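Novice: Before I ask anything, here is the structure I am working with.
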Amino acid sequence: MSIHPDHGHHAGHEADTTAAALIAEPPRADPAGDDTLDLRVDDLVALLTGGRPTPPATAPTSDSGDSRLDGDLLDSVASWAPADTRFGGFRLVPVRLGRDLPLLARWMNDPAVAAFWELAGPDTVTADHVRAQLEGDGRSVPCLGVLDSTPMSYFELYRADLDPLARAYPARPHDTGIHLLLGGVTDRGRGVGTALLRAVADLVLDHRPRCTRVVAEPDIRNTPSVSAFLSAGFRYAAEIDLPDKRAALMIRDRALRHVL
């Protein structure tokens, strides 16, 4: 999730020319059915108070020794299996600032990315944005997207149902939000964004059994991004007003993952 004083989210520059992101406001309608699911008591407390549910009794830790990098509230993103795409093998690697900051800051200063992420500037701007997640409670996990051993994209996976976003749309327990940016110009405009969106949504649904939906919110003006989400199996759920944009609420449903 994009970190701001109001804990809001930014759209990234996705979809073959741009990157994807999530936020939301109450959709006018969500025909996908019942928005109530079983909710553990600790998750309910977190949802109502903004606190942190009790993590699993045992959770793998990252090589840095900080279990937050493994995403306690996202079922240990660092342990997720790789995915195959038509562009090669893909995996998510939780960000380590000491290793990854120069690359991330360079991507954030690409004008095409900066137009949506609004994180251009010195390295400290990107560092503050990422550090807020790394030092948080594990509900948001920033990751490098690595394609055939090459870091080429940036993802943020987060618990949309435990985020202030949940006040802006009919969230379900364990809804998972994603943001994406493609770092290299050569990876834009040839279907890579669509392939990665589908791969990451599948990873979420494969490794988060209680998650029934993956959500995102590209700027409504960003037609290539909306198109990439649709091609990746998301449905257009609503047009929503956010503090900084008019957005398309995109949802990928577990029940429809093999149909769309």
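Just so it is clear, none of the values below were taken in a lab; they were calculated from the coordinates. Since we're looking at a predicted model, the values are computed, not measured. Because the Cβ atoms are built from the backbone with ideal geometry, glycine has one as well, and the counts that use them run over all protein chains shown.
Novice: Roughly speaking, what is the stretch gain from R210 to A115, that is 0.36 nm per residue apart minus the C-alpha to C-alpha distance, in nm to one decimal?
Specialist: In short, 30.8 nm is gained.
Novice: Please label the shape of region 169-251 as rounded, prolate or oblate, based on the square roots a ≥ b ≥ c of the eigenvalues of the alpha-carbon gyration tensor (a/c under 1.5 means rounded; beyond that, a/b larger than b/c means prolate, else oblate).
Specialist: Oblate is the answer for region 169-251, as a/c is 1.5 or above yet b/c matches or exceeds a/b.
Novice: A follow-up question, please. Place the peptides 189-200, 244-255, 169-180 in order of packing, highest mean first, counting for every residue the other Cβ atoms within 10 Å and averaging per peptide.
Specialist: Order by mean packing, descending: 169-180, 189-200, 244-255.
Novice: Okay, moving on. Which of rounded, prolate, oblate describes region 63-256, given a ≥ b ≥ c as roots of the alpha-carbon gyration tensor eigenvalues and a/c under 1.5 marking rounded, otherwise prolate only if a/b is larger than b/c?
Specialist: rounded
Novice: Then there's this: How high is the relative contact order of region 63-256, in percent, with contacts defined as C-alpha pairs under 8 Å that are six or more residues apart?
Specialist: Computed value for region 63-256: 17 percent relative contact order.
Novice: When a footprinting reagent is the concern and you count Cβ atoms within 10 Å, what order do R208, R99 take, fewest first?
Specialist: Listed from fewest to most nearby Cβ atoms, that is R99, R208.
Novice: Same structure, new question: Kindly identify region 65-157 as rounded, prolate or oblate by the Cα gyration tensor criterion: order the square roots of the eigenvalues as a ≥ b ≥ c, call it rounded if a/c is under 1.5, otherwise compare a/b with b/c, prolate if a/b is larger, else oblate.
Specialist: oblate
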